[in-house]
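Student: Mind having a look at this structure? Questions to follow.
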Amino acid sequence: MGSNQSRANYRVELHAQIFFSGLPNIFITINPCDLHHPLAMKFAGVDLDIDNLTVELMPKSHERAAIVSNHPVGIARFFNKLIT
């Protein structure tokens with residue numbers, strides 16, 4: 001997985017799919033930043049007052065990274081809520 005041969009195989013498969021079906025109409029990757037969003041912190045269980053939020057009330061960057069890594073289910077719920 002991830003070797004040069006594996007990537008080459010995926011590339012050949014992609015080219016075959018393009019030849020068979022034509023070029024894709026849209027290709028998009030959604031990657032919201034969950035470290036800086038206050039709602040992500042709320043889903044992770046951090047007690048924040050979203051209505052009166054200031055920069056000083058948000059946890060520091062390294063604390064937010066630890067919170068996100070320790071609460072994967074809450075962050076997945078945040079992602080689902082953000083996308084829907």
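The numbers here are math on the coordinates, done by the rules we state, and not lab data. Being a predicted model, the structure only gives us computed values, none of them experimental. Positions of Cβ are backbone-derived with ideal geometry, glycine not excepted, and every protein chain shown enters the neighbour counts.
Student: Applying the selection to region 42-62, what residues are of a type in the set (S, T, N, Q) and either closer than 21 Å to residue 81 by Cβ or assigned to a helix (DSSP H, G or I) (or both)?
Tutor: 52, 61
Student: Would you pick out the residues in region 15-41 that are assigned to a helix (DSSP H, G or I) and more than 24 Å from the chain's Cα centre (by Cα)?
Tutor: 15, 16, 17, 18, 19, 20, 21
Student: If I ask for residues that are under 28 Å from residue 28 (Cβ atoms) and either of a type in the set (S, T, N, Q) or in contact (Cβ under 8 Å) with a residue 40 or more places away in the chain (or both), which ones from region 38-84 would you list?
Tutor: The answer is 39, 61, 69, 75, 78, 79, 80, 81, 82, 83, 84.
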